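Read the structure below first, then the notes.
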Amino acid sequence: MFTLVLLASTKLMAAKENKFYNITVDGKARKYLLYVPNKVKENAPVVFSLHGAGGVVSTSSHDPNFNPIADKDSFIVVYPQGLDTVFPGLGGMTAPGWSAYGEENFDTHFLLAVLEKIAEKYTIDRQRIYCCGFSNGGMMTYTMANTNSHIFAAFAAISGYPINEFHLHHTSWRPVPFLHIHGKSDDFVKYSLVPNIIDNMVARNGANPVPQVTTQSGSYKKSIYEAGEGGFPVIFYEIDGMGHEAFTNKTEDSSSSQTMWNFFKQYTLDSPCDTTLKWRPRIETEGYEPIKHGWTMNNSTTLLRFGGTQKTNDNQNVYRSLQFETGGYTLHFKAEGDASKQIKVQIQKLTSPRTMVLNTQVNVGGEINLPFVVEDGWGEYKLTITRFATTDEITISDIQIHSSNDAVTAIKNVSPAVKQGRNTYLSDLQGRILKHQPRKGIVVKDGKKITSRH
């Protein structure tokens, strides 16, 4: 009993650390700087702070810097060092940085391995692990939000979002609390493109797309996209006079790092949310103008359309996008109007192979739930809902997409092909008989799922 008490006391009174540690991950020699304040408490939170491209971590230089805040609020900070990385968008420059491609890779493995090393030495609170970063570190923060939302409770980026060779993924296991700070004078990671990123995050979280806005003249504009059912808020600071920088004192806290920490500490990994929620744009919200946010609305027979291949040099590969990983999903929406009418609903992959994962007709009237399955990994998609005559008065609202095992079950239980004379009939995901095999999409033949890619 005495020994156990002594060990606990030693942890509680752990000496301050501000030193480097070496670690080998995926065969690569890596290092990180660990900052532990004096008298760090049991179950301490941990903040990962990721430098920008070209950043070199030292015991006296940190971007973003959390040390004084950690001293005051008793949490651990880790400053990992990125490896030399080629940046095609910067003319092929090689500099220390992060492979922020939105997918699991050696850098995501490195950060998780560092977390485990810290946990071997200190008793940390697994419900309060946070990630943030500057510039390329902010891009990596978006990647961690995509790949490791089951480990990190909340995220923040300053002057950074995925551009050019880095592509933003919005396919995380759950919605995530996210804070973004950007300078209005940043023409490197362009401020002008941030609204597209925010739109993506807001829809991914199912947040209110019409923000509550506060401004401080000469300092900042703060937009709070409030959490909807099952999701989390997205907060966006636009900073007056700030360029491509890792810190600003133009927030209500007079410190961007303090603002990040104040945001982080509101959330734990078990903060309630709907982990099935993947996309909810809430386009019917009063005061929201969908066309200004990338939607095609009531254009001839097209009731609505979202998603498209939009990569150009001008937009730095930053655009509004609908994305899915392999898995089963359900598209939910309300279609109101003349109950005698039908609409056509399609979800098509935009990148090769251009698979049609949902292609069906439904009757207008009330709530509609349509299962679909993605089989070939991450991809970008286009949602289109069309009417059969421009005079059809139909309103679409409450669009949601959730992960769902029902979609997989629908494929397994779909009505098998029915033989009539010499003809073999096919059925679609909704179990309806098809006279001919469609050019694209998932159908069932002789009770077996097939994918048409003619």
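Worth a mention:
- Carbon and sulfur %, accessible surface of the stretch 23-89 computed with the full protein complex present, 1.4 Å: 47 percent
- Per residue value of the accessible surface for the stretch 175-333 (all protein chains in place, 1.4 Å probe), Å²: 41 Å²
- Principal-axis tilt of helix 106-121 within the chain, Cα atoms, nearest 10 degrees: 50 degrees
- Residue order for F236, F388 - accessible surface, 1.4 angstrom probe, largest first: F388, F236
- Percent accessible area from carbon and sulfur atoms, the stretch 251-377, protein chains only, probe 1.4 Å: 41 percent
- Angle of helix 136-147 to the longest C-alpha principal axis of the chain, folded into 0 to 90 degrees and rounded to 10: 50°.
- Pairs exceeding 27 Å between alpha-carbon atoms, taken from K72/K250; K222/K265; K221/K311; K190/K292; K184/K382; K41/K265: K221/K311; K184/K382.
- Computed from Cα positions, the angle between helix 2-12 and the longest principal axis of the chain comes to roughly 80 degrees.
- log10 of Debye I(q)/I(0), alpha-carbon scatterers only, for the stretch 74-230 at 0.11, 0.12, 0.13 Å⁻¹: -0.46, -0.55, -0.65
- Viscosity 0.692 mPa s, 37 °C: Kirkwood-radius Stokes-Einstein D of the chain over Cα pairs, µm²/s: 138 µm²/s
- Span from the the stretch 237-300 Cα centroid across to the the stretch 47-104 one, whole angstrom: 22 Å
- For the stretch 146-192, projected area of the alpha-carbon convex hull averaged over all directions, nm²: 3.7 nm²
- For the chain, the Cβ-based charge dipole about the Cα centre amounts to some 1340 debye (Lys, Arg positive; Asp, Glu negative; other atoms uncharged).
- Average accessible surface for the stretch 62-157: 31 Å² per residue, computed with a 1.4 Å probe over protein heavy atoms with every protein chain in place.
- Each Lys or Arg adds one and each Asp or Glu takes one away; over the other residues whose Cβ falls under 11 Å from the Cβ of I197, this sums to +2.
- A helix-only calculation puts the chain at -5000 deg cm²/dmol for mean residue ellipticity at 222 nm, using -39500 (n - 2.57) for each DSSP H run of at least four residues, averaged over all residues.
- T275, T24, T312, ranked by accessible area, largest first (probe 1.4 Å): T24, T312, T275
- Among L168, Y130, T141 - extreme Cα towards positive end, dipole of the stretch 102-181, charges at beta-carbon: Y130
- Calculated SAXS-style log₁₀ I(q)/I(0) at q = 0.13, 0.19, 0.30 Å⁻¹ - the stretch 126-172, Debye, Cα scatterers: -0.25, -0.52, -1.07
- Atom-type composition of the exposed protein surface of the stretch 94-230 places 49 percent of the accessible area on carbon and sulfur (1.4 angstrom probe).
The values are calculated or read from the model by the stated rules, or taken from the named source; none is laboratory data. All values derive from a computational prediction rather than experimental measurement. Cβ: placed from backbone, ideal geometry, glycine included. Neighbour counts: every protein chain shown. Just so you know, the surface numbers come from the protein's heavy atoms only, side chains and all, with ligands and any DNA or RNA stripped out. Shrake-Rupley method; radii C 1.70, N 1.55, O 1.52, S 1.80 Å.
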